[in-house]
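Encoded as structure tokens, the structure appears first; notes follow it.
Read-outs throughout are calculated quantities, based only on the coordinates presented, and are distinct from any laboratory measurement. Treat the numbers as computed from the prediction; the structure is a model and nothing was measured. Because the Cβ atoms are built from the backbone with ideal geometry, glycine has one as well, and the counts that use them run over all protein chains shown.
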């Protein structure tokens, strides 16, 4: 297996919003995605992926090491390779942000998900792409999500992250899912949150201007709630959507809660605000 | 229980250090189960076994809510798969009047007593979650997905009912239909009747 063959196709396996339980490697899923981003997507089929995996597993350690050593010059050649790839595959240059994001993820997965993929290659490829300049937070989130997977397998000889593991990692980047769905990224704003929950403490997925209410302790729950609800009411006067970060990443369904968060939700409900699972936000009543 | 309250609690809290409290209360239960302490902070205690991460989260600056959370390690997925004790107890259908779904503590004594109750409930009702049973967590995950969907539907339905009620009062039948129609299967008899009347009047008015 020649090292260069890994780049003959983009391995693009994606967290489609409605496809949580579907086989994301199916041609249908990729065709749908291609229509969404108006960009042809070629996929490495499951059988082909399995063949790569078994080839790699059978390879002796010395040869695996040799392949890995090839990654360094390949990194240096990436920009040239990328241009050649675009020419050879006749994929038009990415124009919309969704196209750029699809392109970016295709590159990442091609590098990271194939068995002989270049461990440690992801940051270089991300930095090489224009999306970093245009959407730095998204690029960082995608790179971090993928890197976190690649890193966890770094010390296991012959074992990179599998596509399924990468898909799972990317599901924690809601911006990515939103971008695929809508072709655009909305600005952030006030986020209701559950104290200490992973959804609140994750470094991933935040948009520009996302924020929490952080208020001084008044010494007891009752005055704290009075202060909290007062500030929420003030925020409601602006009629800007109020985001709810304690939600399921793909469906947008609210996660059930109690306490302050539930009280905040009730406050919005009582004032006629409606929760939109697609946007993950509460919106003011229509006048 | 003294110091365990609701949003209405006006009691000033003492300087609760949930890390220390957890160490003394949970240690005797968790250590024999092969959990080891990983984090011990005033607002967070964490224990880990080979299969499960066990967290106590305490919001000591705003709501004073205390939560016991279990997460089964399974590669990356655990990042968004933590489950609170109340979810485990509801899933198990224990029917206990107190499922610890909304607990606030404002004193160290109350925190100690509450943690003791919580860990006993977990050991008694859901020991398979402490041992990290894959089947148990998978079943809980499915139940929880359905539960969240139903909860979100409930939020939407409540809003729709309120909009329909207001629209009915001002005889805005178009708004009544718009509010109720998406929730046909969950409407009460009187709501269905209103929807029928509103639809008829809309149709009549358009003729």
- Length-normalised contact order of region B:153-206, Cα under 8 Å, at least 6 apart, in percent, tallies to 31
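If you average the sequence gap of Cα pairs under 8 Å that are 6 or more apart and divide by the length of chain B, what percent do you get for the contact order?
Working: 261 pairs, mean separation 35.6, N = 207.
Result for chain B is 17 percent.
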- Message: Give me the percent relative contact order of region A:191-283, please, defined on Cα pairs under 8 angstrom at least 6 residues apart.
- Response: 32
- Pull up the DSSP beta bridges for chain B and report the antiparallel fraction as a percent, rounded to 5. 95
- Note on the structure: Where a ≥ b ≥ c are root eigenvalues of the Cα gyration tensor, a/c under 1.5 meaning rounded, otherwise prolate if a/b exceeds b/c and oblate otherwise, region B:153-206 counts as prolate
- Report, as an integer, the average count of C-beta atoms from other chains found within 10 Å of each Cβ along B:63-70. 5
- Query: Which shape class, rounded, prolate or oblate, goes with region B:138-177 when its Cα gyration tensor gives a ≥ b ≥ c as root eigenvalues, a/c under 1.5 marks rounded, and past that a/b bigger than b/c marks prolate?
  - Reply: prolate
- Message: If neighbour count is taken as other Cβ atoms inside 10 Å, put B:123, B:52, B:29 in order from fewest to most.
- Response: B:123, B:29, B:52
- The distance between the Cα centres of region A:206-229 and region B:158-207, in whole Å, is 37
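When Cβ neighbours within 10 Å are restricted to other protein chains, what is their mean count per residue of peptide B:144-153?
Numbers: counts 3, 5, 1, 3, 9, 5, 2, 5, 10, 3.
Mean number of neighbouring Cβ atoms from other chains: 5.
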- For B:67, B:148, what's the fewest-to-most ordering of other Cβ within 10 Å of each Cβ? B:148, B:67
- Could you tell me how many degrees, from 0 to 90 and to the nearest 10, lie between the Cα long axis of helix B:18-30 and the main elongation axis, the longest principal axis, of the Cα atoms of chain B? 80
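What does the structure give for B:55-62 when I average, per residue, the other chain Cβ atoms found within 10 Å of the residue Cβ? Intermediate results must be reported in sequence, preceding the final value.
Numbers: counts 2, 1, 5, 2, 7, 2, 7, 13.
Averaged over the peptide's residues, the number is 5.
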- Listed with the fewest Cβ neighbours within 10 Å leading, B:39, A:214 appear as A:214, B:39
- Query: In degrees between 0 and 90, to the nearest 10, how far off the longest principal axis of chain B does helix B:189-206 point, with axes built from Cα atoms?
  - Reply: 40
- Message: Rounded, prolate or oblate, given the Cα gyration tensor of region B:101-207, with a/c below 1.5 counting as rounded?
- Response: prolate
